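Nothing in this text is a laboratory measurement; each read-out follows from the coordinates by a stated rule. Bear in mind the structure is a predicted one, so any value in this text is a computation, not a measurement. Cβ sites come from the backbone with ideal geometry, for glycine too, and all protein chains shown count toward neighbours.
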Ligand SMILES: Nc1ncnc2c1ncn2[C@@H]1O[C@H](COP(=O)(O)OP(=O)(O)OP(=O)(O)O)[C@@H](O)[C@H]1O
Ligand SMILES: [Mg+2]
């Protein structure tokens, strides 16, 4: 495993606040807008001068590269399989957003091995030093592997729509994560909202349920409206914050990214300490 000097160096970097904030974008129910949120939120952070990378964890069914209008010769799978180095699977958009593609095509179903987790750990160590924000766009549903990763990151952004099924599933997902890691920092977003009050109501209910049943404080990041420019941006393969910066959904997204980047230091600095440590613990515990 890593030697002591490396551990010490990472500790020093952390104390200097130079390591990335790692964030998983999750939902209970699928198809609620995680990937569109990830790509646009990432660009909104880039517009503030942050160094951002999206890792598409939807391996084999990835669509981050498609939403960004980019092709990617290699994917995360190529890195995990050991055929490519991490630097070879990172791509940059012309606007300076970095991403690692999840790859598409059903042939890419991945059988996780111990060695792949080791490599994943190596990539995260590298990314943490290179970027300000690492965003993990998670696939639909909770597999054992995705839950392990979600537990390892510093913060979780939970996306829900205003539909009761989506709200219930978002709560179940947060509960599941929270029971395994009570210190996790949760941020809630309501997406595809037709009436602002409905979105406010959805996030308030989620926040209340977390408080009442799990004694867990969460932050509300905001409410994103249902907006036809999202579909247009998907078809045009260009992020809506760049293509339609004045659309209601873009204005909200830019405001959300602004407030998210602002809270930087305090809470996250301390929580951030967990990422590599937790990953390590997880990969050495009960495996092999
Ligand atoms: N605010 C919005 N307004 C209108 N349409 C939206 C909005 N957000 C997302 N959509 C639409 O919802 C659909 C699903 O979005 P997306 O692929 O981002 O969801 P997802 O949660 O990543 O799905 P999966 O769980 O399959 O990964 C897309 O067709 C997108 O155009
Ligand atoms: Mg997705």
- Query: In square nanometres, what is the average projected area of the Cα convex hull of the range 187-265?
  - Reply: 6.1 nm²
- Take residue 92, project a point 7 Å from its Cα along the Cβ direction, then tell me which residues of the range 118-152 have their backbone nitrogen under 19 Å from it. 126-135
- Message: Rounded, prolate or oblate for the range 140-242? Axes are the square roots of the Cα gyration tensor eigenvalues, ordered a ≥ b ≥ c, and the cut-off for rounded is a/c under 1.5.
- Response: oblate
- Given 10 °C, 1.306 mPa s and a Kirkwood radius over Cα pairs, the Stokes-Einstein diffusion coefficient of the range 14-54 in µm²/s is 135 µm²/s
- Task: Tell me the label-point distance for the pair residue 165, residue 200, using the 7 Å Cα-to-Cβ offset, in nm and rounded to one decimal.
- Result: 2.8 nm
- With each pseudo-label sitting 7 Å past Cα toward Cβ, what's the residue 111-residue 231 distance in nm, one decimal? 4.2 nm
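Based on other C-beta atoms within 10 Å, arrange 198, 262, 227 from fewest to most.
262, 198, 227
Send over the Kirkwood Rh of the range 74-132, from the inverse of the averaged 1/r over different Cα pairs, rounded to one decimal Å.
It is 12.2 Å.
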- Burial-style ranking of 80-86, 252-258, average other-beta-carbon count within 10 Å with highest first, yields 252-258, 80-86
- Does the range 184-232 come out rounded, prolate or oblate by the C-alpha gyration tensor, with a ≥ b ≥ c the root eigenvalues, rounded set by a/c under 1.5 and, if not, prolate when a/b is larger than b/c and oblate if not? prolate
- Label-to-label distance, nm, for residues given as residue 118 and residue 85 (7 Å Cα→Cβ offset): 1.9 nm
